[in-house]
1. Report the extension gain between residue 68 and residue 35 in nm, rounded to one decimal, defined as 0.36 nm multiplied by the number of residues separating them, less their alpha carbon distance.
2. Can you give me the angle between helix 197-216 and the longest principal axis of the chain, using Cα atoms only, in degrees from 0 to 90, rounded to the nearest 10?
3. How do 169, 39 rank when sorted from fewest to most other Cβ atoms within 10 Å of their own Cβ?
4. Where does each of 173, 78 land when they are ranked from fewest to most other beta-carbon atoms within 10 angstrom?
5. Tell me, 215, 43 in order of fewest to most beta-carbon neighbours within 10 Å?
6. Using a Gaussian network model of the chain with C-alpha springs under 10 Å, which one of 194, 91, 116 is most mobile by mean-square fluctuation?
7. On a 0 to 90 degree scale, rounded to 10, what angle separates helix 23-52 from the longest Cα axis of the chain?
8. Could you give the Stokes-Einstein D for the chain in µm² per second, using the C-alpha Kirkwood radius, 37 °C, 0.692 mPa s?
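Coordinate-derived values only; no laboratory data. The structure presented is a predicted model; accordingly, all values stated were derived computationally and were not measured. FYI the Cβ positions are ideal-geometry reconstructions off the backbone, even for glycines, and counts take in every protein chain you see.
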């Protein structure tokens, strides 16, 4: 047998992966590295603008609905746990459990996005918009009465909707990706204990999205 024939018969990557890093997983790690820089820039800009602003910053509890967002955060954390369960299930060779836990993750992510949309609608109705405060709204009256700082509401609105909006977009992309894998791979039973790269790669992305939200929730809603 020639060397060319031996190379042709060699198992395709990722079967030979001494460091347990195959092409898709490596690609996701590189993508997540770029996402760290992206969200790092957003969060860093927010911190600089907030603490460097020439004026007080509105207290989150006055403008935002912290309780409903805390529940939404808990929901996203639960979806991250269900993703871990889905990954463990297919590792152990249980496709039925994979389908169940992956579906739970999809539903958790979809509910997170739905609640965030509801939150946006509620905020806009009360007058909190990307440009700051809408004229004639409840929040505008609070600004006029001195309950909210007029000078920084524009920065507050733009940074809030930018950071949470981009994160919501990333969650939506994650939900759509998992839904695609669920319909095309998990339901037909194409994932096995030896081949579950898609679950692992999307799981990495989902845990990253979860971690970013915990940071955003802390600095935007709690601090």
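1. Fully extending the segment from residue 68 to residue 35 adds 9.2 nm.
2. 20 degrees
3. Lowest count first: 169, 39.
4. By the 10 Å Cβ count, ascending, the order reads 173, 78.
5. Ranked by crowding around the Cβ, least crowded first: 215, 43.
6. 194
7. 10 degrees
8. D, rounded to a whole number, is 166 µm²/s.
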